[in-house]
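Notes follow the structure.
Laboratory data are not the source of any read-out in this text; all were calculated from the coordinates shown. Keep in mind the model is a prediction, meaning the values are calculated, not measured. All Cβ positions, glycine included, derive from the backbone under ideal geometry; neighbour counts span all protein chains shown.
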Amino acid sequence: VSEQTNSGAAGRFVGAWRYVGAMVDGKPPRPGRKGIIYYDPGGDMVVQVAPDDARGKAGSRPTPEEAQAALADYVAYFGTYSVDERARTVTHHRYGSVQPGDVADLVRGYEFSGDRLILRPPGTTYEVVWERIK
Amino acid sequence: MTQLDVGPAGAQSPPQGDVAKRFFGAWRYVGTSIDGKPRPGRGASPKGMIYYDPSGAMAAQIAPDRRVKMAGQEPTADEAKAALADYVAYFGTYTIDERAGTVTHHRQGSVQPGELTDYVRNYEFVGDRLILRPVGTTQEVLWERFK
């Protein structure tokens, strides 16, 4: 990791946050999800959010259909992050993700509110709320 | 909403002691061996990290060194199966049994379908590395402390 991000606003990200919930248009779309996001002082990040419904499998390895169900709504990726204080955005530069397809950067507007961190994908009415793990 | 069950309101007290402190923080995935040979299935340079929070929360993720392409917006069943193969992603809480020399990952979420059983690992610290050995196997998972 080449860039040091633990100064200024970036320093407020450092540490682990528990998933509280997500809102679309001010309403929670999917209750009961659990998750954790971690921002390392060195500039690495990792996130996971799991749906609350159990995903089973009949055999020792998942069938294609079981795998498809298991991936649905599951967020799991990691990489590095950078903070743009002027734009008030944090960008997750992903280098691994369980979801197939491109690992494009994810840009999020950020807001700190008390012990909470709110992340908003630009151009959406979506927000994801995190609470600092104590 | 349901939350990750850690901290003062959680079901267990935070890990304490000198051994627990050695776990705290983030570790980078170095590799996995079985019977002393590299574990097949994850390509030349798989990446991953594991994080142990002082509160007792933990999260682990290992991605194989390959990208699975997707033809459409949502993965097909075959694309999903390929993406899921050999990918580790789970999180929950952890407890340490110093006498047994084990750390147990109490999983609350995992991308792999199936029952969320606890994972018990023998641990060993060597320099800036942490070696986790699934109990009853010849497997070793090697982690290196973030610098």
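Tabulated data
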| item | result |
| --- | --- |
| Lys pairs, the protein assembly as shown - Cα-Cα below 25 angstrom, 8 or more residues apart or on other chains | 15 |
| Rounded D (µm²/s) - segment B:46-121, Kirkwood Rh over Cα pairs, Stokes-Einstein at 37 °C, 0.692 mPa s | 234 µm²/s |
| Amide H contacts of residue B:39 (H built 1.01 Å from N, under 5 Å, at least 5 apart or other chain) | B:32, B:33, B:34 |
| Dipole of the protein assembly as shown, positive end: most advanced residue of B:20, A:109, A:37 [Cβ charges, Cα centre] | B:20 |
| Rounded FRET efficiency, nearest 0.05, which uses the C-beta distance separating residue A:72 from residue B:147 and R0 of 41 Å | 0.65 |
| Computed Kirkwood radius, in angstrom, where 1/r is averaged over Cα pairs of segment A:62-134 | 14.1 Å |
| Rounded to the nearest 20 debye, dipole of chain A from Cβ charges on Lys, Arg, Asp, Glu | 340 debye |
| Kirkwood Rh and Cα Rg combined as Rg/Rh, chain B | 0.99 |
| Segment A:16-86 shape via C-alpha gyration tensor axes, a/c threshold 1.5 | oblate |
| Principal axis dimensions, segment A:9-134 - Cα atoms, whole angstrom, descending | 50, 32, 31 |
| Whether the protein assembly as shown is rounded, prolate or oblate, judged on the alpha carbon gyration tensor where a/c under 1.5 counts as rounded | rounded |
| Vicinal HN-Hα couplings computed from phi for segment A:9-19 (Karplus, 6.51 cos²θ - 1.76 cosθ + 1.60; Hz; Gly/Pro x) | 4, 4, x, 6, 6, 4, x, 10, 10, 8, 5 |
| Amide H partners (placed H, <5 Å) of residue A:117, local residues excluded | A:130, A:131, A:132 |
| Segment B:62-78 - phi-based ³J(HN,Hα) in whole Hz, Karplus 6.51/-1.76/1.60, Gly and Pro as x | 9, 10, x, 7, 6, 10, 9, 6, 10, 6, x, 7, 10, x, 6, 4, 5 |
| Distance between modelled label sites at residue A:30 and residue B:100, nm, 7 Å Cα→Cβ extension | 3.4 nm |
| Residue A:113 versus residue B:124: modelled label distance in nm, points set 7 Å from Cα along the beta carbon direction | 5.0 nm |
| Whole-Hz ³J(HN,Hα) from phi, Karplus 6.51 cos²θ - 1.76 cosθ + 1.60, for segment B:103-120, glycine and proline x | 10, 10, 8, 8, 6, 10, x, 8, 6, 7, x, x, 5, 8, 7, 6, 10, 9 |
| Label-point separation, residue B:73 to residue B:37 (7 Å along Cα→Cβ), nm | 4.6 nm |
